[in-house]
Amino acid sequence: GEINKLKQRKIVRFVGTIQNATKDSYFFIADSQAINQDFYVHAKNLNGAKHGQKVEVELINWDNRSPAAKVLQVLGEEGENEAEMHAILLQYGFQMHFPKEVEQEAEEIPEKITAKEIAKRRDMREITTFTIDPIDAKDFDDALSFRQMENGRYEVGVHIADVAHYVKMGSILDQEAFQRGTSVYLVDRTIPMLPEKLSNGVCSLRPQEEKLTFSIIWELDENAKVHKEWIGRCVIFSDKRFHYEEAQEVIDGEKEGPYREELITLNNLAHKLRDARMQKGSVKFDSNEVKFELDENDKPVRVIRKVRKDTHKMIEDFMLLANRRVAMYVYSLFNDPPLPFVYRIHDQPNPEKLASLGRMASTFGHESDFETERGLAERINQLLASVQNKPEQNIVETLAVRSMAKAEYSVNNIGHFGLGFHYYTHFTSPIRRYPDVMVHRLLENYLGEK
């Protein structure tokens, strides 16, 4: 075949550096190694850019041997942190700033909750409620409520920011959130899915403020077994904002703090949930994560390994329970055929990669049978446990992770192998994930019998 005509280019914007050639001509050198050709930039198309600066350009034409481009914006001096970070974002298609019309629509959203709206919801403002997040978090998606019941059981609520109440389907805000898909977290900043008015303000479950939530509330016994369950919209009042380390110190008795008994009880229930999950086939991957300590100029000076404390796992366990129970609820409503829903699925591991993992493990003296599907998660866990604190731990764990399928979103529920769940969705982070907003909207329809 022969290409006769180019109809449309997939990528027309590029990030890189401007270099001076002659008085009236400059060249643009792209950061991406996939672009192995310089772009010609005429002086009239510089847009104020100077030699050595980081810029974003747009392709004008590629008719001649050297493609021609014009400068859209100057990012700053090459090597400067702000310029380089902005360049990275643009190179991968992320926009740091929201369009004016998006910001304007966000600003028009009222912060005050009306009495009419409160009347439509379950009022949880008098129930003890708090958030637990990283110390540097600004957007609080989720909160936990807790109270001891007269029958000896515990009422535990997972309350999630009601983003769908504020971001209406088809609105300018919704279209922008859909395009972004998720918030993006970089070493020194967050590029949010929603404007700050929403992500850090109206929707964020900040302490000592009334907030609207989509919630799931259970009656649990001392073994964390669910006896009753309620799903719907609430209004809450967060009594306290904990960060993980602070909550852990309160649980351990190292620090005086409020809600110690509530935290201890929730932690004990989370341990029961975790044990049950592991017994039912959840794969135990405890990957090492790191964070960077930055100096006053945002230069990394130290790499710190994140330590997962009980409080991290506690929040994770209750969020997993919420996501699982919401998916179970929707699936149970009408399953022939099932109602349309956004499931988070995870397929069985790749057999060839598992065989490779088994061969590698055997060279270190760890024999594993990965040929039969039954009990596969348990055998993977046994292998991972056998290499703990041994020289081969890192390579075996890395190969085990690489043998797994990638989790993805689907309307066709095949379950989640890694977690050992037959039903699973993403319900708990609508401030930073668009699929969760979709889940909230579908739930709203189904709870309203639509």
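The values are calculated or read from the model by the stated rules, or taken from the named source; none is laboratory data. The structure presented is a predicted model; accordingly, all values stated were derived computationally and were not measured. Here Cβ is always computed from backbone atoms with ideal geometry, including for glycine, and neighbour counts include all displayed protein chains. Only protein heavy atoms, including side chains, enter the accessible area calculation; ligands, DNA and RNA are left aside. Shrake-Rupley method; radii C 1.70, N 1.55, O 1.52, S 1.80 Å.
In segment 323-367, the residue that is nearest to Ser429 (Cα to Cα) out of those that are of a type in the set (Gly, Ala, Ser) and free of Cβ contacts under 8 Å to residues at least 12 places away in the same chain is Ser332. Note on segment 181-210: among residues that are at pLDDT 95 or above and among the basic types (Lys, Arg), the one that is farthest from Asp298 (Cα to Cα) is Arg206. Screening Lys112 against (1) more than 30 Å from Glu209 (Cβ to Cβ); (2) among the basic types (Lys, Arg); (3) part of a loop (DSSP other than H, G, I, E, B) leaves a single unmet condition, (1). The condition of being of a type in the set (A, V, I, L, M, F, W, C), under 20 Å from Glu246 (Cα atoms) and surrounded by 13 or more Cβ atoms within 10 Å (Cβ to Cβ) holds for Ile315. Annotation note: of Leu357, Leu321, the sole residue that is in a helix (DSSP H, G or I), over 27 Å from Ala143 (Cα atoms), touching a helix residue (DSSP H, G or I) at 6+ places or on another chain (Cβ under 7 Å) and modelled with pLDDT of 90 or more is Leu357. Within segment 110-143, the set of residues being over 19 Å from Lys306 (Cβ atoms) and aliphatic (A, V, I, L, M) comprises Ile113, Ala115, Ile118, Ala119, Met124, Ile127, Ala143. Note on segment 280-311: residues that are under 21 Å from Ser145 (Cβ atoms) and either more than 20 Å from the chain's Cα centre (by Cα) or open to solvent by 40 Å² or more (accessible area, probe 1.4 Å) (or both) amount to 1. For segment 157-183, a residue qualifies if it is surrounded by fewer than 24 Cβ atoms within 10 Å (Cβ to Cβ), touching a strand residue (DSSP E or B) at 6+ places or on another chain (Cβ under 9 Å) and among the β-branched types (Val, Ile, Thr), and exactly one does: Thr182. When Gly253 is tested against the conditions (1) at pLDDT 95 or above; (2) among the small types (Gly, Ala, Ser); (3) over 26 Å from Asp436 (Cβ atoms), the lone failure is (1). Pairs linking a residue in segment 436-448 that is within 19 Å of Phe178 (Cα to Cα) to a residue that is open to solvent by 30 Å² or more (accessible area, probe 1.4 Å) and assigned to a loop (DSSP other than H, G, I, E, B), with Cβ atoms under 8 Å and 6 or more positions apart or on different chains, are Arg441/Met169; Leu442/Leu339; Leu442/Pro340.
For segment 27-60, the tally of residues that are more than 17 Å from Leu75 (Cα to Cα) and in a strand (DSSP E or B) stands at 5.
From the list Val74, Val12, which one is open to solvent by 50 Å² or more (accessible area, probe 1.4 Å), of a type outside the set (S, T, N, Q), within 31 Å of the chain's Cα centre (by Cα) and over 30 Å from Asp298 (Cβ atoms)? After ruling out the rest, the residue left standing is Val12. Test Glu229 against the stated conditions and say whether it is closer than 20 Å to Ile315 by Cβ, modelled with pLDDT of 95 or more, among the charged types (D, E, K, R) and surrounded by fewer than 20 Cβ atoms within 10 Å (Cβ to Cβ). The answer is yes for Glu229.
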